[in-house]
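Okay, structure first, notes after.
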Amino acid sequence: MEFVVPARFCGPPESGNGGWVSGRLVAYADVDGAASVRLSSPPPLDKVLQLERDGDSTVLLDQAVRIAQAGPAEPITDDPGPAPVSYTEALAAGERYPGLTEHPFPTCFSCGTERDPDDALCLRPGPVAEHTFAAAWLPREVTGEIVWSALDCPGGWALGVGGRPMVLGTMTAQISGLPAVGAECVVMSWRTGGEGRKHTAGTALYSGRRLLAQARSVWLEVDPEKVRPA
């Protein structure tokens, strides 16, 4: 099978958004329930990639380069994190979005400040408590991949990705429901730990008080100038 990451869904300028690529790979893997994706190399854009099965996992390759691997995961059963703020409060938090002044990847599909809201999510996660962020989201289109993307970058901002550039390394997510187009949604994100250049975060997507999806992620500190496909 073939797999292509359209340039629209970039994270860093020349590679795919980690959340979108993860969600797309999970869709190809046809995982029912919680799924985990490990990203090994920046996914190239607009290039035909290859898929292979490896036991219960699906591996994404660019010829000999392993890009990512997806497979089933244990359900996320721990505390879903901070209680969601209201959509109005999340909008107000967006005015404090650190990416407005310092953004390592401003063309990112999920949180880029140089993207058109008609073509990207343009999430603006802002602080609402210590190590806790919230982003307002009014979906214009809804797919599993886009929900994975919405759960992706807010975690990085809760970890301080603006002043400490990072990329997604591993993401485990489970989706219990998709938001309706035009529904007022909030993505909560929070820091869960970190040591050295590795940091961890949690994210959760709400429509009102209803928990639709959640994720746990591992982020790795990088030099943004060196994040390029192999």
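The values are calculated or read from the model by the stated rules, or taken from the named source; none is laboratory data. Note that this is a predicted model, so its numbers are computed, not measured. Backbone-built Cβ (ideal geometry, glycine too); neighbour counts: all protein chains shown. Surface areas here come from the heavy atoms of the whole protein model, side chains and all, with no ligands, DNA or RNA. Shrake-Rupley method; radii C 1.70, N 1.55, O 1.52, S 1.80 Å.
For region 209-230, taking the residues that are outside any strand (DSSP E or B) and open to solvent by 50 Å² or more (accessible area, probe 1.4 Å), the one that is nearest to ALA34 (Cα to Cα) is identified as ARG209.
Among the residues of region 19-42, not a single one is assigned to a strand (DSSP E or B), touching a Phe, Trp or Tyr at 6+ places or on another chain (Cβ under 7 Å) and surrounded by fewer than 23 Cβ atoms within 10 Å (Cβ to Cβ). Applying the condition of being within 16 Å of PRO179 (Cβ to Cβ) and assigned to a loop (DSSP other than H, G, I, E, B) to region 85-116 and asking which residue is farthest from the chain's Cα centre (by Cα) yields SER86.
Screening GLY144, GLY177 for residues that are of a type in the set (Gly, Ala, Ser) and touching a Lys or Arg at 6+ places or on another chain (Cβ under 8 Å) leaves exactly one candidate, GLY177.
One line per residue, one yes/no per condition, for (1) surrounded by fewer than 19 Cβ atoms within 10 Å (Cβ to Cβ); (2) farther than 26 Å from ALA35 by Cα:
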site	(1), (2)
ALA90	no, yes
PRO106	yes, yes
CYS111	no, no
GLU130	yes, yes
PRO139	no, no
GLY144	yes, no
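The C-beta contact set for region 196-222 (first residue within 24 Å of ALA183 (Cβ to Cβ), second residue surrounded by 24 or more Cβ atoms within 10 Å (Cβ to Cβ) and acidic (Asp, Glu), distance under 8 angstrom, 6+ apart or interchain) comprises THR203/ASP152; ALA215/ASP152; SER217/ASP152.
Here ALA204, ALA183, ALA173 are screened, and the one residue that is open to solvent by less than 60 Å² (accessible area, probe 1.4 Å), in a loop (DSSP other than H, G, I, E, B) and aliphatic (A, V, I, L, M) is ALA183.
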